[in-house]
Amino acid sequence: MSLSIGIVGLPNVGKSTLFKALTKKQINIANYPFCTIEPNVGIVEVPDERLQKLSDAAKSAKIVPTVIEFVDIAGLVKGASVGEGLGNQFLANIREVDAIAQVVRNFTDPNIIIESGGKVDPASDIEVINTELALKDLETITKRVGDLERKIKSGVSKEDTKLLELVKKIKEKLGAGTMVNSLDLTDDEKSMIKEFNLLTAKPVMYILNVDEGAVKNPLPEIKGIDKNLILPISAKIEAELAELADEEKKEYLQTLGLEESGLDQLIKKGYETLDLITFLTSGPDETRAWTVQRGSFAPQAAGRIHTDFEKGFIRVEVCRWQDFVAYGETGCKEKGLLRIEGKDYVMQDGDVCHFRFSN
Ligand code: GDP
């Protein structure tokens, strides 16, 4: 399964334009048997410069990058949490994604109606959306408080009391407009509320759809939003780029003074937002990138390749991708750069792995 990012935003901010550009980058599905193509899902490769280098070192027949899914979630308007627009449908779709990319209008084109009313105002648009998400979570949490209180009346358990305390704390914060992902929760607390699948607990990034001439401008201050979470993009430029062949694309990027397309930046930022890391496998058949959540152990990583690998995990031979590129697998072994790690090994980004398992 690949991880998914839901594209949300108010009407007319550029979501479809961006999504259409993304789907032009759709993968060759044959390499990813677990993926099915749906109209509102775009599955794209995560750009990774290391793959070509590894492939050259191992003389691989092919390269298979790791992928990420973008889901176009239409229908958010003010009042969605009480069923306005496609309200409930919309919120149900958000529940299914792993992270949220919120598209926010910052372009000024007077021909495109600003749905939120008056003027271009990213901070206020973000507030509208985040408020809808928080209101829906408040509804979910309030119901949980009721359920737990009833349950505790008929027999107190230590876990339920602890959970009720936590849920009440979250309810209070949500009521004050704080998103769950900005609360300082411990890992324990996070796992206690995981099953509620709260919308505001999901990681969020903000795509600021700026004027074509403004992609390289310094980011504007958006009140209450951490700059690291904001990616400026011109959906209009991305739509144009998506129509070009690779060579032309490079030239166009150069004339714009950009090193990388906004979509590639978006894919990478999405990957970061989800707190994912890449490990690699490389041999004559293929050089391939695989995704795991940061902090995953070696057997979990093995399980990404095949469930049997996880069950029968014995050990993993690991080297740094730079060493693999410089010396190859055999060279790494000879120089003692290949480490043998067991089931407690925490995977690191850029590990080149050879898993050993029993059937
Ligand atoms: P959505 O409702 O959020 O999916 O918005 P769309 O992608 O359908 O865009 C709404 C309108 O705004 C369309 O006419 C787009 O061509 C236009 N639009 C989208 N992005 C930009 C942009 O970056 N600059 C300009 N000038 N127009 C844009």
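The values are calculated or read from the model by the stated rules, or taken from the named source; none is laboratory data. Only a predicted model underlies this, so the values are computations on that prediction, with no experimental measurement involved. Counting neighbours? That spans all protein chains shown, and the Cβs are built from the backbone with ideal geometry, glycine included.
One line per residue, one yes/no per condition, for (1) under 18 Å from G262 (Cβ atoms); (2) of a type in the set (D, E, K, R); (3) within 16 Å of the ligand (Cβ to nearest atom); (4) part of a loop (DSSP other than H, G, I, E, B):
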{"position": "S16", "(1), (2), (3), (4)": "yes, no, yes, no"}
{"position": "K20", "(1), (2), (3), (4)": "yes, yes, yes, no"}
{"position": "E38", "(1), (2), (3), (4)": "no, yes, no, yes"}
{"position": "V44", "(1), (2), (3), (4)": "yes, no, no, no"}
{"position": "D48", "(1), (2), (3), (4)": "yes, yes, no, yes"}
{"position": "Q52", "(1), (2), (3), (4)": "no, no, no, no"}
{"position": "I63", "(1), (2), (3), (4)": "no, no, no, no"}
{"position": "F70", "(1), (2), (3), (4)": "yes, no, yes, no"}
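Looking at the range 325-340 only, could you name the residues that are surrounded by 13 or more Cβ atoms within 10 Å (Cβ to Cβ) and out of contact with any helix residue (DSSP H, G or I) (no Cβ under 6 Å at 6 or more places or on another chain)? Talk me through it step by step, then tell me what you get.
Initial filter on the range 325-340 (surrounded by 13 or more Cβ atoms within 10 Å (Cβ to Cβ)): 325-329, 331-333, 337-339.
Once the filter is applied, which keeps residues that are surrounded by 13 or more Cβ atoms within 10 Å (Cβ to Cβ) and out of contact with any helix residue (DSSP H, G or I) (no Cβ under 6 Å at 6 or more places or on another chain), the range 325-340 yields A326, Y327, E329, G331, K333, R339.
Out of the residues in the range 269-301 that are of a type in the set (G, A, S) and not in a strand (DSSP E or B), state the one that is nearest to D323 (Cα to Cα).
G283
Taking the range 250-282 as the range and being surrounded by 15 or more Cβ atoms within 10 Å (Cβ to Cβ) and more than 18 Å from D48 (Cβ to Cβ) as the test, the residues that pass are Y252, L253, L256, L258. Taking the criterion of being farther than 27 Å from D98 by Cα, more than 16 Å from the ligand (Cβ to nearest atom) and surrounded by fewer than 17 Cβ atoms within 10 Å (Cβ to Cβ), would at least one residue in the range 159-172 satisfy it? So far as the range 159-172 goes, yes, one or more of its residues are farther than 27 Å from D98 by Cα, more than 16 Å from the ligand (Cβ to nearest atom) and surrounded by fewer than 17 Cβ atoms within 10 Å (Cβ to Cβ). In the set (1) part of a helix (DSSP H, G or I); (2) more than 14 Å from the ligand (Cβ to nearest atom); (3) of a type in the set (A, V, I, L, M, F, W, C); (4) modelled with pLDDT of 90 or more, A30 fails one condition alone, (4). Scoring D351 on the criteria (1) over 24 Å from Y32 (Cα atoms); (2) buried (at least 19 other Cβ atoms within 10 Å of the Cβ); (3) of a type outside the set (S, T, Y) leaves a single failure, condition (1). Only a single item in (1) modelled with pLDDT of 90 or more; (2) within 23 Å of L231 (Cα to Cα) is not met by Q52, and it is number (2).
Each residue in the range 211-238 was checked for being of a type in the set (D, E, K, R), buried (at least 16 other Cβ atoms within 10 Å of the Cβ) and more than 11 Å from the ligand (Cβ to nearest atom), and 0 of them qualify. Would a scan of the range 93-113 turn up a residue that is within 16 Å of the ligand (Cβ to nearest atom) and part of a helix (DSSP H, G or I)? Scanning the range 93-113, I find at least one residue that is within 16 Å of the ligand (Cβ to nearest atom) and part of a helix (DSSP H, G or I), so the answer is yes.
If you check A57 against the conditions, is it closer than 30 Å to D211 by Cβ, at pLDDT 90 or above and either of a type in the set (A, V, I, L, M) or under 22 Å from the mean Cα position of the chain (by Cα) (or both)? So A57 fails the test.
Here is a yes/no grid of residues against (1) of a type in the set (S, T, N, Q); (2) within 30 Å of L18 (Cβ to Cβ); (3) touching a strand residue (DSSP E or B) at 6+ places or on another chain (Cβ under 8 Å):
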{"position": "Q254", "(1), (2), (3)": "yes, yes, no"}
{"position": "K269", "(1), (2), (3)": "no, yes, yes"}
{"position": "H306", "(1), (2), (3)": "no, no, no"}
{"position": "E329", "(1), (2), (3)": "no, no, yes"}
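The set of residues in the range 54-71 being surrounded by fewer than 17 Cβ atoms within 10 Å (Cβ to Cβ) and acidic (D, E) consists of D56 alone. If you go through the range 309-327 and keep only what is out of contact with any strand residue (DSSP E or B) (no Cβ under 7 Å at 6 or more places or on another chain) and either in a loop (DSSP other than H, G, I, E, B) or of a type in the set (D, E) (or both), you end up with E310, D323. One residue stands out among those in the range 184-200 that are of a type in the set (A, V, I, L, M, F, W, C) and touching a residue at least 60 places away in the same chain (Cβ under 8 Å): the one that is farthest from the ligand (Cβ to nearest atom), which is L198.
Give L241, L208, L258 a once-over and let me know the one that is touching a strand residue (DSSP E or B) at 6+ places or on another chain (Cβ under 9 Å), within 16 Å of the ligand (Cβ to nearest atom) and either of a type outside the set (K, R) or part of a helix (DSSP H, G or I) (or both). Full working, then the answer.
Values: L241 fails: touching a strand residue (DSSP E or B) at 6+ places or on another chain (Cβ under 9 Å); L258 fails: touching a strand residue (DSSP E or B) at 6+ places or on another chain (Cβ under 9 Å).
Of the residues listed, the single one that is touching a strand residue (DSSP E or B) at 6+ places or on another chain (Cβ under 9 Å), within 16 Å of the ligand (Cβ to nearest atom) and either of a type outside the set (K, R) or part of a helix (DSSP H, G or I) (or both) is L208.
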